[in-house]
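*Asks:* Below is a structure I'd like to ask you about.
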Amino acid sequence: MRSAKEEIVKYTVTVRATLREAPAAAKKLHDDVTRMTKDAAKEAGDLTHVVYLDPRDPRAFLGIDTWSSLEGIQRFASSPQIRDFFGKLFEGEPEVRIWVDSDWNQW
């Protein structure tokens with residue numbers, strides 16, 4: 001059990017990439033795969049999954065997930081199923097970054 005002074009660390013993962021296919025085909029692939037992998041992702045510590053598209057470039061993709069476990073991120077992202085999914089969904093390698101909260105002024 002955590003003491004009141006211990007903070008729960010959350011990790012925000014950003015995935016920036018260019019979609020390989022037109023948005024409608026990419027959406028179908030994304031939604032089919034994430035529907036099948038949602039339980040495994042949540043079990044590994046994925047708390048939220050949000051996708052944004054650029055209105056000026058509909059093939060520009062930004063995915064943002066919040067995770068409770070750094071080990072879970074690494075295990076899930078390195079699975080052959082997810083690597084294959086990224087290869088089908090994106091042109092080239094996506095830019096994947098892991099972020100942590102700061103104590104900077106926010107709103």
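*Asks:* Set the Förster radius R0 to 30 Å, insert the Cβ-Cβ distance between residue 28 and residue 66 as r into 1/(1 + (r/R0)^6), and round the FRET efficiency to 0.05.
*Replies:* Numbers: r = 25 Å, r/R0 = 0.83.
E between residue 28 and residue 66, to the nearest 0.05, is 0.75.
*Asks:* Further question: Kirkwood Rh, Cα Rg: Rg to Rh for the range 53-107?
*Replies:* In the range 53-107, Rg relative to Rh is 1.04.
*Asks:* Something else now. Taking the structure as given and computing P(r) over Cα pairs in 5 Å bins from 0, in percent, which label from [x] 2, 11, 20, 24, 18, 11, 7, 4, 2, 1; [y] 2, 10, 14, 15, 12, 10, 9, 8, 9, 5, 4, 2, 0; [z] 2, 10, 9, 9, 7, 6, 7, 6, 6, 6, 6, 7, 5, 3, 3, 3, 2, 2, 1, 0 fits?
*Replies:* The calculated read-out lines up with [x].
*Asks:* Would you be so kind as to identify all helices of the chain, as entire DSSP H runs, whose Cα atoms reach 15 Å or more along the helix's own axis and whose mean Kyte-Doolittle hydropathy is at least -0.5?
*Replies:* Sorted by number, there is nothing, because no helix extends far enough and scores high enough.
*Asks:* For the residue pair residue 16 and residue 104, what label-to-label distance in nm results when each label sits 7 Å from Cα along the Cα-to-beta-carbon direction?
*Replies:* Distance between the two pseudo-spin positions: 1.5 nm.
Every number in this text was worked out from the coordinates using simple rules, so none of it is lab data. Given the structure is predicted, the values throughout are model-derived calculations rather than measurements. A quick note on method: Cβ atoms are made from the backbone with ideal geometry, for glycine too, and the neighbour counts reach across all protein chains shown.
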